[in-house]
Ligand code: GLV
């Protein structure tokens, strides 16, 4: 008999087929996000699960699913996992690093350009039939090339954003991170380490690429926004909750910063209603890694983690490798 797994959301048919060759798969083809109770009942008795950021794996879920051995997240971020509880329960956690780094860094730049150059705001104006003549300051935005790019969170994706800014756009790159990069990596990224305060005060554009945790909750709130330049753009491709969205909406409305580009939101897919009514914000529905090639690579890596672990006891990208040693 094949081992049973749950695939908690719809995925590429090719990847599903690959999993079905090895496992008895319960697939949530309807693709509705499962409630905690539904997740527990569908995962009970399964040895593994493929999840996305929308399924929370915590002590309560784990207690209800004692046969569970592995949960493979199809995402690099894993704030939906309680890693401590998973390790205590002997459940391996995996994510999908590396395969999405460059694609996500591309999107950081997409949002930065769209925000600084007011792309969506001007498109709405045009579509609404309001474009009747050229004028010297129509949708004049902020310069990107040659400006100072601030990056908060300098992991792989942050470094990708830094390289694009420094090498492609001649930007002066500054960053803040929990730990400083090695001198070699700083040279590669042409990035200078600064304090968080200096980052906020000096960046012409600030891109957030740090993981979400209790420590990074509201890392950008009213006080931090007040330190930023009134001409600055803020881009969040990290996680909702890192920015205090209510405070950001106020800062945008009062033009305390120039504009924001947001791919992630507190409590998404809900979006703070005030963000929907301010014009100087570019909003996208959590699509930074969304190219077909990258999403396929992410799904394949998550599937390969399940296959390798449940057939050979090994994993490609474990988050709590101590479980493998038991
Ligand atoms: C997307 O947000 C991811 O963490 O991969």
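Values as computed for the structure displayed
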read-out: Modelled FRET efficiency - R0 56 Å, residue 182 with residue 132, Cβ distances, 0.05 increments; value: 0.55
read-out: Ranked by how many other beta carbons lie within 10 Å on average, peptides 236-248, 96-108 from highest; value: 236-248, 96-108
read-out: Where only C-alpha atoms are counted, convex hull volume of the chain per residue in Å³; value: 149 Å³
read-out: Added length on full extension, which subtracts the Cα-Cα distance from 0.36 nm per residue, residue 32 to residue 270; value: 84.2 nm
read-out: Shape category assigned to the stretch 158-234 from the gyration tensor of Cα positions, a/c cut at 1.5; value: oblate
read-out: Förster radius 56 Å - calculated FRET efficiency between residue 167 and residue 217, Cβ distance, rounded to 0.05; value: 0.95
read-out: For the chain: relative contact order, % (alpha-carbon pairs under 8 angstrom, 6 or more apart); value: 18 percent
read-out: Global geometry of the stretch 1-98, whether rounded, prolate or oblate, following the gyration tensor of its Cα atoms and the 1.5 cut on a/c; value: rounded
read-out: Gain in span if fully extended, residue 324 to residue 22, counting 0.36 nm per residue against the direct Cα distance; value: 106.7 nm
read-out: Descending semi-axes in whole angstrom, ellipsoid equivalent of the stretch 231-326, from the Cα gyration tensor; value: 39, 14, 10
read-out: Degrees, to the nearest 10: 292-312 long Cα axis against longest axis of the chain; value: 30 degrees
read-out: Computed over the stretch 284-326, Kirkwood Rh from alpha-carbon pairs, angstrom; value: 11.8 Å
read-out: Label-point gap, in nm, between residue 1 and residue 195 - each point 7 angstrom along Cα→Cβ; value: 6.3 nm
read-out: Computed label-point distance, nm, for sites residue 14 and residue 293 using a 7 Å Cα→Cβ extension; value: 1.3 nm
read-out: Cα centroid separation, the stretch 83-112 to the stretch 6-56 (Å); value: 18 Å
read-out: Global geometry of the stretch 7-161, whether rounded, prolate or oblate, following the gyration tensor of its Cα atoms and the 1.5 cut on a/c; value: prolate
read-out: Peptides ranked, highest mean first, by Cβ atoms within 10 Å: ranges 263-275, 131-143, 313-325; value: 263-275, 313-325, 131-143
read-out: Relative exposure of 127, 56, judged by other C-beta atoms within 10 Å (fewest first); value: 127, 56
read-out: Simple spin-label estimate for residue 64 and residue 226 in nanometres, 7 Å along Cα-Cβ; value: 4.3 nm
read-out: Kirkwood hydrodynamic radius of the stretch 101-283, Cα pairs, Å; value: 16.5 Å
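Bear in mind that the values in this text are calculations on the coordinates, not laboratory data. The model shown is predicted, which means the values in this text are computed figures rather than measured ones. Glycine also receives a Cβ, built like all others from the backbone with ideal geometry; neighbour counts cover every protein chain displayed.
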